Structure formats: C-alpha cells, structure tokens
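I have placed the structure first, in the form of structure tokens, so that the comments after it can refer back to it.
FYI, it's all coordinate maths here, none of it is from the lab. Bear in mind the structure is a predicted one, so any value in this text is a computation, not a measurement. FYI the Cβ positions are ideal-geometry reconstructions off the backbone, even for glycines, and counts take in every protein chain you see.
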Amino acid sequence: MRDLESRRLMWVKAVLFLVIGTTASALILIECPEWRTALLLALAIWAFCRAYYFAFYVIERYVDPAFRYAGLMAMVRYWWRHRSQRRP
C-alpha cells in the first residue's frame with residue numbers, strides 16, 4: 001500500500017476520524033448517560049492520545065532518533081526486537 005500523499009485526502013481522513021470518535025462517544029453516552037461513564041471515556045481518550053504521542057514523538061525524538069516509524073506495527077516490531085536483545 002502506498003503512502004497517502006494528497007493533503008486533501010489527509011484532511012478528509014482526519015475529519016472522518018473525528019466524526020467516528022465523536023459519534024462513538026456520543027452513542028456510548030446516550031447508552032449510559034452518567035458522569036462516571038463520561039469521565040472514564042474522557043480518561044480513556046486522553047490516555048490513548050498520550051500513548052500515541054509517546055509511540056511516535058517521544059520514542060523517535062528521544063529514545064532512538066535513528067529509527068523512523070511507519071505505523072504502530074513498526075513500533076511493535078521495534079519494541080519486540082529490542083526486548084529480545086536485552087535478555088541475557
């Protein structure tokens with residue numbers, strides 16, 4: 001699969017992600033309209049955003065600046081490879 005190069009399609013993709021996330025969140029809150037559910041949903045979204053930031057920005061900038069990730073699977077392969085090299 002080729003890399004996405006069209007700026008217009010990148011914006012469309014970003015908007016679609018926002019629509020999917022907003023719709024899913026709204027449906028969860030409609031299904032269970034409680035403050036606790038809203039808080040847990042907000043915390044889950046925040047935590048996954050921070051994990052994504054860590055997976056790409058922090059690791060690429062501070063942990064191993066020589067490696068460039070192509071996606072989450074590349075990050076998992078990188079972690080798995082380095083994990084097995086550290087074992088005695």
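Odds and ends about this structure:
- Packing order of peptides 69-76, 30-37, highest average first: 69-76, 30-37 (average count of other Cβ atoms within 10 Å over each peptide's residues).
- In the chain the Cα-Cα distances spread across 10 Å bins starting at 0 as 13, 30, 31, 20, 6, 0 percent of all pairs.
- Mean residue ellipticity at 222 nm, helices only, the chain: -23000 deg cm²/dmol; runs of at least 4 DSSP H residues each add -39,500 (n - 2.57), and the sum is divided by the number of residues.
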